[in-house]
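What follows is calculated from the coordinates using simple rules that are stated; it is not laboratory data. This structure is a prediction, so every number in the text was calculated from the model and none was measured. Glycine also receives a Cβ, built like all others from the backbone with ideal geometry; neighbour counts cover every protein chain displayed.
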Amino acid sequence: MNVALVKSIAEQPYGELFAAARSRLPGVGPVADAREKAFDDFVRRGLPHRRIEEWKYTDLRALLRDVAPLAPTPNKTAIDRAKDAMEALAVDGTQNLVLVDGVFAPELSDFTALEKGVRVQTLRESLDNDGNPSRADLLLTSTASDAMISLNAAMATDGVVIFVDDEVKLSKPLHVVHVATASGVSSFTRSLLKIGNGAQVTFVESFVAAEGAKTYQAYDSVVVSIGDKTELQHVRLVDDARDAANITTAVFTLGRKSKVNTFVLTQGAGVSRYQGFITFAGEGSELSTNGVNLLGSKRHGDTTLVVDHGVPHCTSREVFRAVIDDQAHSVFQGRIIVRPDAQKTDGKMMTRALLLSDEAEADNKPELEIFADDVTCGHGATTGALDESLLFYLRARGLPEKEAQALLISAFVGEAIESIVNDDLRDLAVATAERWLASRG
């Protein structure tokens, strides 16, 4: 395989990384060809920077100055440290599928105790399966294109491929846990979830760091295909090390009369970007997507969502909240696209940011692209500080200032967190938010 030459200074380290890691990447033949094409596309597009509209607030050329080498295959020490991190995460009642430093860890996963109607393979074994002529398709994304999507496809080392059969109603959430144990390294993971018609699934993703792990870079992608009359609850919790980087892309395709509820909470990582591409491919579907950024110090958190209404009679609701302290920077970009044939679309989006210091920054950019005439669409964005009159009211009744602030902040993010249907997962999100509030000092 010939590795493409990288001409730009910004992309050169990624070319060196790709060349150095090639022998460790699974798949030959069509898989190797797909990787090469993906990397060529990354080179052509270039590392995202502020002159690209979708990345104007998250300049990776400035934020990711160093490209970390690929993480080594985890040894027993790394697995033991990951196990300790899993115990600290303390999520009960889930079927765990664990990736340690970007590699599937069967000894930490409920790989053999899955519910009936669920099949799981690792991405590595799927790409190495020469008997599957379409295995290279696991690296392709048809409904979204982006430089970081292409880089992930070129470098994906492992992940999980999950199939849920028709009419299966899972009693336990499927939980993909990413644990970082090594410092100063990068991991590239890619997971796929295909849900059959009439199924009901709760899907959770967590990003956590083992004690001592720092300055690592996590590049992840998840592709979800949702059948007709299917219900999906998706929860994503990011609690990476404070100096880590997390760049994740999620691609959802909704079938007919499906119901999808998503929630994303980011309170870790020094640099994070979550970009979600959600496409309505079947009529009569409903989407509720909610998110919260809790950022302090000098952390940068970007949530970018593109909701594409391609068919009629679909509904989408987006609620996003950001709480920013110190010199942190929160970004929310939300775009609703209504195609010409998508009549009777009902799409609404609301984002609010709460600034807790004079140096905190919030950039909110809601967008509507409407090409149909019989629709109901709207958006709104607000940015402000804590209400001084409410603070005075609470302090006058004996609450210390920090406790009064915490009470108001909890109420501010509560609307988004309450969208989580599963009680245990909602409690986990609340506990994560409370932990962030307590760490403010």
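Rounded to the nearest 0.05, what FRET efficiency is calculated for ALA20 and ARG65 with R0 set to 25 Å and r the Cβ-Cβ distance?
Calculated transfer efficiency: 0.85.
Database remark: amide H of GLU367 closer than 5 angstrom to the amide H of GLY334, ARG335, ILE336 (H placed geometrically; neighbours at sequence offset of 5 or more, or on other chains; Pro and chain starts carry no H). Highest average first, the peptides 143-153, 112-122 ordered by how many other beta carbon atoms sit within 10 Å of their residues are 143-153, 112-122.
The value of relative contact order for segment 73-387, using C-alpha pairs under 8 Å at least six residues apart, is 11 percent.
Dividing the helix sum by the residues of the chain, where each DSSP H run of 4 or more adds -39500 (n - 2.57), gives a mean residue ellipticity at 222 nm of -7000 deg cm²/dmol. Greater than 22 Å separation of Cα atoms is the criterion. Which listed pairs, LYS76/LYS214; LYS169/LYS229; LYS56/LYS344; LYS257/LYS348, meet it? LYS56/LYS344, as the Cα separations exceed 22 Å there.
Beta bridges assigned by DSSP with both partners in segment 344-441 are antiparallel in approximately 0 percent of cases.
By average Cβ neighbour count within 10 Å, what is the ranking of 75-86, 228-239, 334-345, 365-376 from highest down?
Top of the packing list down: 228-239, 334-345, 75-86, 365-376.
Put simply, the amide H of SER221, placed in the peptide plane, has neighbours under 5 Å in THR189, ARG190, SER191, THR249, leaving out anything fewer than 5 places away on its chain. Placing R0 at 22 angstrom, the Cβ-Cβ distance between THR215 and GLU403 gives a FRET efficiency of 0.05 after rounding to 0.05. With the simple spin-label model, which puts each label point 7 Å out from Cα in the Cβ direction, the ASP358 to ALA396 separation comes to 2.7 nm. Cross-link partners for LYS402 among the aspartates and glutamates, with Cα-Cα distance under 20 Å and sequence neighbours closer than 8 places in the same chain left out: ASP325, ASP326, ASP358, GLU359, ASP387, GLU388, GLU434.
Peptides 62-72, 299-309 ordered by packing proxy, namely the average of other Cβ atoms within 10 Å per residue, highest first: 299-309, 62-72. For the options SER389, SER187, SER225, a Gaussian network treatment of the chain with springs between C-alpha atoms closer than 10 Å singles out SER389 as fluctuating the most. When the chain is treated as a Gaussian network with alpha carbon springs shorter than 10 Å, the biggest mean-square fluctuation among SER272, SER134, SER258 belongs to SER134.
Length available on full extension from ASP137 to SER297: 0.36 nm per residue minus the Cα-Cα distance, which gives 53.5 nm.
Relative to the current alpha-carbon distance between ASP387 and LYS116, full extension at 0.36 nm per residue lengthens the span by 92.5 nm.
Here r is the Cβ-Cβ distance between ASP326 and ALA32 and R0 is 60 Å; the resulting FRET efficiency, rounded to 0.05, is 0.85. Within the straight-line cut-off of under 16 Å between alpha carbons, the aspartates and glutamates reachable from LYS259 are ASP166, GLU167, ASP228, GLU231, GLU283, GLU286, ASP308, GLU318, ASP346, sequence neighbours fewer than 8 places apart in one chain being disregarded. For segment 73-387, the square roots a ≥ b ≥ c of the C-alpha gyration tensor eigenvalues yield an a/c of 1.5 or more together with a/b not exceeding b/c, which makes the shape oblate.
Rounded to the nearest 20 debye, the dipole magnitude of the chain is 460 debye, with +1 charges on Lys and Arg beta carbons, -1 on Asp and Glu beta carbons, and the Cα centre as origin. For a test of the definition: using alpha carbon positions, the gyration tensor, and the 1.5 limit on a/c, classify segment 1-149 as rounded, prolate or oblate. Since a/c reaches 1.5 and a/b is larger than b/c, the shape of segment 1-149 is classed as prolate. Using C-alpha pairs below 8 Å separated by at least 6 residues, the relative contact order for segment 63-214 is 32 percent. Classification of segment 96-188 by its C-alpha gyration tensor yields an oblate form. The axis ratio a/c (a ≥ b ≥ c) is 1.5 or more, and b/c is at least a/b. Taking every DSSP bridge with both residues inside the chain, close to 5 percent are antiparallel. Which of these, SER142, SER419, SER285, has the largest mean-square fluctuation under a Gaussian network model of the chain (Cα springs below 10 Å)? Comparing SER142, SER419, SER285 in a Gaussian network model of the chain, the most mobile one is SER142.
Helix screen, the chain: DSSP H segments with Cα axial length of 15 Å or more and mean Kyte-Doolittle hydropathy at least 0.5 are 401-417.
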